[in-house]
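This report refers to the structure that appears directly beneath it.
The values are calculated or read from the model by the stated rules, or taken from the named source; none is laboratory data. Everything quoted here is computed from the prediction, not taken from an experiment. Note that we place each Cβ from the backbone using ideal geometry, even for glycine, and neighbour counts take in every protein chain shown. These area figures cover heavy atoms from the full protein model, side chains too; ligands, DNA and RNA do not enter into them. Shrake-Rupley method; radii C 1.70, N 1.55, O 1.52, S 1.80 Å.
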Amino acid sequence: MPVTQRGVRSTHADYDRFAPKWKRVRDVIAGQDAMHTAATAYLPKLKDEEPSDYDARRKRSDFFNGTWRTIDALSGMAFRKAPTVEVPAAIEPYLDDITLSSMPMESFAREVVEEVLGPGRYGILIDHPPASNVTPLTVDAAQRLGLRPTLQLYPAESIRNWKFERRNNAWTLTRVVLGESAEVEKDEFTVEVEERYRVLDLGGDGGTYRQRVFKVEKEKDVLIEEIVPLMNGAPLDFIPFMIGGAGGRGDQIDEPPLIDLVDKNIAHYQVNADYRHGLHFTGLPTPVVCGYQPEDNAPKLYIGSQAAWVFPDPQAKAEFLEFEGTGLQAIEKALDRLERQMAMLGARMIADEGKQAETLGATQIKRAGENSVLAKIVKGVSEALEWALGVFAYWAGAGGEITYQISREFLPAMMDAQTLNSLLAMRLANELSSEELFELLQRGDVIDGEKTHEEHKEQLDAEPMPMPKPALNDDGEDEVA
């Protein structure tokens, strides 16, 4: 019977239910080395197959990582255009290194999106060193000393246990246990990785936020650190940790969005292993000898230009067996079918779930992709990052509106000539302002999305207006003249 985990190592029941799926997703995303290392977890042994034969077959089986290619492509679509960011001026410098590990905010956001596209779950901790509450510091001084808020991303596997309760008529996170690792120096040259558990809860007096760090020694939980973080000199009445997933923020665990693609990818690996195994044994002609009975200590038969086979029995014969048939073709068709299914599952992430859009126009450009699965993921991540940056800014002592919206214009949507002419006519009729026309042309990928309206005007003023060439008659003369 499995040993029941107790204390800080205990895991949530939903964690235990979803952990195998997360591992499946992680292994597939990690690629061929991870799939080979997992061995029989994804590539079963054949009946009575010797370990050495299985090892050779496993090494011959290459892995086509369609899942990671899909995630990378979808993430690239989401960040094809820079996110819309508006934060208080005081924290703008912090966005260049939001984690204090040289990671800018956009890279952090991209990692969050990839976590949702993979396992489908993540956590963000807004943290602040305790010493920052002693003396007020300027932004530059805080940056140099590292005494400023940070955002830390936790993958699904690290969020080991959690508890939500209704407090003040709101569904509130009251405890979460995070798995971590720390490097411990044993001597000058030896570093060991130690497993630790960070517990965030509202267990202080009056429900104040505290952090505790444990390690396990001889099956016992050992407390090695406990702090009560202060925000602007006062304890917090909430946990600055947000759990998110494919469905947005909340305590419910969502299915990994690409789990069907992951399973097809594993099936493709297994069928491809059969195909490569078949090629190995049928690709080379096999010699067959009939009517020859070798005597004891008879020389071995070798194949090659320097070897000749001479048999004492004139009826003996030798020939080569060559593979003929449709067996491998059937496997090839199965591989092609799986690859088409994988492509279809990836494409569905950006497909409009509603009715098909009408002719391309300003409204369609604005709403492109809003009903796709990827758009819902991006919307949820944007809301989570806005909340995290709001806590971040308040902890840094900066107030103001926070906007962080990842673009949902995933694909270039070039305007057709009819739409472009209509917009230009509206501008000439003074039904559109120059800025409105500029924004619509940007959304239609006619104008570079990175330029501002002012930069665009300056560039136009700096370049001479191209003059149309005069029309010529049959004699090559200017018709106007």
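Extents of region 206-276, largest first, come to 64, 38, 19 Å (Cα atoms, principal axes, whole angstrom).
Given a 1.4 Å probe and every protein chain left where it sits, what share in percent of the accessible area of region 181-325 is carbon and sulfur? Numbers along the way, then the final one.
Numbers: 4570 of 9540 Å².
Carbon-and-sulfur percentage of accessible area, whole number: 48.
Loop-located chymotrypsin sites (Phe, Trp or Tyr not before Pro) in region 252-311 (DSSP state not H, G, I, E or B) with no more than 14 neighbouring Cβ atoms inside 10 Å: Tyr302, Trp309.
Going through the cross-link list Lys186/Lys218; Lys47/Lys264; Lys45/Lys218; Lys59/Lys218; Lys59/Lys317, which pairs have a Cα-Cα distance over 29 Å in this structure?
On the way: Lys186/Lys218 19 Å; Lys47/Lys264 24 Å; Lys45/Lys218 38 Å; Lys59/Lys218 40 Å; Lys59/Lys317 37 Å.
The answer is Lys45/Lys218; Lys59/Lys218; Lys59/Lys317.
With a cut-off of 14 Å between beta carbons, the residues surrounding Trp171 carry a summed charge of +3, where Lys and Arg count +1 and Asp and Glu -1. Evaluating 6.51 cos²θ - 1.76 cosθ + 1.60 at θ = phi - 60° for every residue in region 372-383, the Karplus couplings come out as 7, 4, 4, 5, 5, 5, 5, 4, x, 5, 4, 5 Hz, glycine and proline recorded as x.
When you filter the chymotrypsin sites (Phe, Trp or Tyr not before Pro) in region 159-210 for DSSP loop state and at most 16 other Cβ atoms inside 10 Å of their Cβ, you are left with Phe189.
Can you tell me what the convex hull of the Cα atoms of region 225-343 projects to on average, as an area in nm²? Mind dumping the intermediate values first?
Working: hull surface 78.4 nm².
About 19.6 nm², averaged over all directions.
Starting from the Cα gyration tensor of region 145-263, take the square roots of the eigenvalues, sort them a ≥ b ≥ c, and report rounded, prolate or oblate (rounded when a/c is under 1.5, otherwise prolate if a/b is larger than b/c, else oblate).
Working: a/c = 1.79, a/b = 1.11, b/c = 1.61.
Oblate shape, in that a/c is at least 1.5 and b/c is the bigger or equal ratio.
In order along region 260-271, phi translates into HN-Hα couplings of 5, 5, 4, 5, 5, 5, 5, 4, 4, 4, 5, 5 Hz, rounded to whole numbers, per the Karplus curve 6.51 cos²θ - 1.76 cosθ + 1.60 with θ = phi - 60° and x for Gly and Pro.
Are there trypsin sites (Lys or Arg not before Pro) in region 1-104 that DSSP marks as loop and that have at most 13 other Cβ atoms within 10 Å, and which are they?
Numbers: sites: Arg6, Arg9, Arg17, Lys21, Lys23, Arg24, Arg26, Lys45, Lys47, Arg57, Arg58, Lys59, Arg60, Arg69, Arg80, Lys81; in loops: Arg6, Lys45, Lys47, Arg80, Lys81.
Passing both the DSSP loop test and the Cβ count: Arg6, Lys47.
For region 1-111, the spread of Cα coordinates along the three principal axes comes to 68, 41, 22 Å, biggest extent given first.
Calculated on the Cα set of region 194-234, radius of gyration then Dmax: 12.1, 39 Å.
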